[in-house]
Structures are given as structure tokens and as C-alpha cells.
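The values are calculated or read from the model by the stated rules, or taken from the named source; none is laboratory data. Treat the numbers as computed from the prediction; the structure is a model and nothing was measured. Don't worry about glycine lacking a Cβ; one is built from the backbone with ideal geometry, like all the others, and counts go over all protein chains shown.
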Amino acid sequence: MTDLFNLSGRVAVVTGANTGIGQGIAVALAQAGADVVTVGRSPTDETRAMLPEGTRHHDIRTDLSTAAPAAGIVEEVVSTMGCIDILVNNAGIIRRADAVDFTEADWDAVMDTNLKSLFFLSQAAGRAMIGQGSGKIINVASLLSFQGGIRVSSYTAAKSGVAGLTKILANEWAAKGVNVNAIAPGYIETNNTTALREDPKRSADILGRIPAGRWGRPSDMGGAAVFLASSASDYVNGITLPVDGGWLAR
Ligand code: NAP
């Protein structure tokens, strides 16, 4: 049983791992034994300090708002760590405005980071994984992969797209040994939700609908990430797994 979830010797790449959900996932994968590569635009000292002692860690500092760095990231991972076994596409942004006021700049920024960059990094990783005959890709989706939300047009479009890409990549790569799945976090206490939590009405409305009775924490995403990164999920393909304290059950 233990071996099903053991990630010892696996190389896991996590984007946006300096804070929030990416940090929670990177730490959980490392606790399950994985070597970790953090990819993002901010320093990852805090995350590094949270990794179990002895974890092999490499940091790639790059901006994921375009697809340009994708191939280079995978090349650097393979040349420094030997291979790429797990990719967690976590980096993402959100822009809030009423649909009637939504700007093209806020549309493009979110679509480029949350969807386009995710696809091309998956493509680069997928090529390497198909070559080695195995791999796990985990996309960070959202409740807005299932629901419409409000005041977040580009975010809903991008996260609905993430659920779709998760399925098509799973269809194309499942038989080549590469599992592609997604996690849909519920409402989690991170920078992404600061504005919601600071709005007393929105905050109370949200909390009142969560069956678990609390907002999620980044560490709550760890178990699902380890499952989808490990051989425990070898026959799981193309799903978007809600980790939401029961929100979608309401
Ligand atoms: P967060 O604390 O704001 O973290 C977002 C991460 O993405 C940060 O590491 C950020 O880096 C990175 N990032 C953003 N733009 C980037 C860029 N251009 N290049 C490189 N890195 C970039 O928010 P979070 O809640 O943990 O979000 C992580 C993921 O979970 C996102 O995909 C988000 O949509 C998703 N999600 C969050 C929730 C929630 O309730 N919090 C719910 C569902 C889905 P910087 O620190 O440098 O900005």
C-alpha cells in the first residue's frame, strides 16, 4: 500500500511554488519522496525551507505569462535532474471586473498565463514523458471549470479550458504511459482570494456554502496531488478532481 503513493526518485516540477497552493503541493510531493523543481518568477526560499531535509531541489526563475520558456524549462529540468516524471501546472492569476467592463488586457493576461502557457509547458513535458514512456501531469483547475462564477470572465474561460485540455491530453497520451488529470481547488486561503476574504458579504456567503465549514488551506491540496502524481492513479485519466470541502455537492 505504501509503495502506491511513494514518490522516491521521481522528479516533480511545480510552477508557482513560492506561495499558496503550489507551495502546498510542492511540499506534499517532497514529503512523499519526490525531488522538486520549482518554476516561477519569485524567490522560493520559503518553500525550500519547508521541504524535508535532504530533498533535492532546483529552482528555475522565469515568467510564465508567455509560452516562450516552456521548452527551455523542460530541457533544464532534464539536464539538471535527469528526467521529468511529474509536472504540476499551478501558476495562475485572476482579474476581477464586471463583464460589461472587462478589458482585453485582463482577458489576454489570464488566458496567456492560465491556459496558453499551461498547454505549451504540458506539450514540452509530454514530449519528454512520452519518450521515457511514463509521466504524470496535474493541472490546477478551479470550481470555475464547472461553474460560471461572477466578475471573472477570463478566469472562467481559462479554467473551463484547463478541464478541456486535461481531457484531450489524457486521450492522446494515456496509452503512452502519461496520465493527465487536474485538481479543482475550492475556496483556499491564498493571495488569489484575498479580495474575496476582505469583502465581508462575499466572505460570509462563501463560507456559508462550504459543507466542511471552513476555507481550504494550501496543504489540503497535498493528498490529491500525491495521489495523481503516484502509481496509485495509474488508471485515472482526464479527470478534474474537486478538492473543495463539498462546495460542488451543494
Ligand atoms: P497565489 O498565491 O496568487 O499563487 C499563484 C502562483 O502563480 C504564484 O506563485 C505566482 O507567482 C504564480 N504566477 C502567477 N503568474 C505568474 C507568471 N506570469 N509567471 C510565473 N509565475 C506566476 O494563488 P493560489 O491560490 O495559490 O493559486 C494557484 C493556482 O490555484 C492558480 O492556478 C489558481 O487559479 C488556482 N486556484 C486557486 C483557488 C483559491 O481559492 N485560492 C481556487 C481554485 C484554483 P508570484 O507569487 O510571483 O505572483
Task: Failed item in (1) buried (at least 17 other Cβ atoms within 10 Å of the Cβ); (2) more than 26 Å from residue 227 (Cα to Cα), with residue 108 passing the rest - done: (1)
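Could you tell me whether residue 44 is over 14 Å from the mean Cα position of the chain (by Cα), within 15 Å of the ligand (Cβ to nearest atom), buried (at least 16 other Cβ atoms within 10 Å of the Cβ) and of a type in the set (S, T, N, Q)? Give the steps one after another, and end with the answer.
Values: over 14 Å from the mean Cα position of the chain (by Cα): yes; within 15 Å of the ligand (Cβ to nearest atom): yes; buried (at least 16 other Cβ atoms within 10 Å of the Cβ): yes; of a type in the set (S, T, N, Q): yes.
Yes; evaluated as a whole, the condition is true for this residue.
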Open item on the list: Between 98, 108, which is farther than 26 Å from residue 241 by Cα and either within 16 Å of the ligand (Cβ to nearest atom) or touching a His at 6+ places or on another chain (Cβ under 9 Å) (or both)?
Closed with: 108
Open item on the list: Of the residues 130, 150, 138, only one is surrounded by fewer than 21 Cβ atoms within 10 Å (Cβ to Cβ), of a type in the set (Val, Ile, Thr) and touching a residue at least 24 places away in the same chain (Cβ under 8 Å); which?
Closed with: 130
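Considering each residue of the stretch 203-230, count those that are more than 14 Å from the ligand (Cβ to nearest atom) and either more than 28 Å from residue 51 (Cα to Cα) or small (Gly, Ala, Ser) (or both), and give that number. Give the steps one after another, and end with the answer.
Residues of the stretch 203-230 that are more than 14 Å from the ligand (Cβ to nearest atom), as a first pass: 204-205, 208, 211, 213, 223, 226-230.
Checking which are either more than 28 Å from residue 51 (Cα to Cα) or small (Gly, Ala, Ser) (or both) leaves us with 204-205, 208, 211, 213, 223, 229-230.
The qualifying residues number 8.
Among residues belonging to the stretch 123-151 that are within 10 Å of the ligand (Cβ to nearest atom) and assigned to a loop (DSSP other than H, G, I, E, B), point out the one that is nearest to the chain's Cα centre (by Cα).
To start, the set of residues in the stretch 123-151 that are within 10 Å of the ligand (Cβ to nearest atom) comprises 139-145.
Narrowing the set further to residues that are assigned to a loop (DSSP other than H, G, I, E, B) leaves 141-142.
Values: 141: 7, 142: 10 Å.
Here the answer is 141.
I'd like the full set of residues that are within 12 Å of the ligand (Cβ to nearest atom), within 14 Å of the chain's Cα centre (by Cα) and not hydroxyl-bearing (Ser, Thr, Tyr), limited to the stretch 164-202. Don't jump to the end; show me each part of the working.
Within the stretch 164-202, the subset within 12 Å of the ligand (Cβ to nearest atom) is 182-197.
If we keep only those that are within 14 Å of the chain's Cα centre (by Cα) too, we end up with 182-186, 188, 190, 192.
Of everything in the stretch 164-202, those that are within 12 Å of the ligand (Cβ to nearest atom), within 14 Å of the chain's Cα centre (by Cα) and not hydroxyl-bearing (Ser, Thr, Tyr) turn out to be 182, 183, 184, 185, 186, 188, 192.
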Open item on the list: I'd like the full set of residues that are touching a Phe, Trp or Tyr at 6+ places or on another chain (Cβ under 6 Å) and not in a helix (DSSP H, G or I), limited to the stretch 90-122.
Closed with: 94
Open item on the list: Of everything in the stretch 8-24, what is more than 9 Å from the ligand (Cβ to nearest atom) and under 14 Å from the mean Cα position of the chain (by Cα)? Give them in sequence order.
Closed with: 12, 13, 14
- [ ] Test each condition in (1) surrounded by fewer than 18 Cβ atoms within 10 Å (Cβ to Cβ); (2) more than 22 Å from residue 217 (Cα to Cα); (3) within 16 Å of the ligand (Cβ to nearest atom) for residue 55 and report the one that comes out false.
- [x] (3)
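Looking for something farther than 20 Å from residue 28 by Cα and in contact (Cβ under 8 Å) with a residue 12 or more places away in the chain - is there at least one such residue anywhere in the stretch 216-234? Before you say what the answer is, go through the steps one by one.
Initially, the stretch 216-234 is screened for residues farther than 20 Å from residue 28 by Cα, giving none.
No: the stretch 216-234 contains no residue that is farther than 20 Å from residue 28 by Cα and in contact (Cβ under 8 Å) with a residue 12 or more places away in the chain.
Just a yes or no: is a residue in the stretch 186-193 surrounded by fewer than 14 Cβ atoms within 10 Å (Cβ to Cβ) and modelled with pLDDT under 95? It would help to see each step written out before you state the result.
If we filter the stretch 186-193 for residues that are surrounded by fewer than 14 Cβ atoms within 10 Å (Cβ to Cβ), which is where we start, we get 191.
Checking which are modelled with pLDDT under 95 leaves us with 191.
Yes, some residue in the stretch 186-193 is surrounded by fewer than 14 Cβ atoms within 10 Å (Cβ to Cβ) and modelled with pLDDT under 95.
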TODO: Find the residue count for the stretch 1-22, including only residues that are aliphatic (A, V, I, L, M) and free of Cβ contacts under 8 Å to residues at least 12 places away in the same chain.
DONE: 1
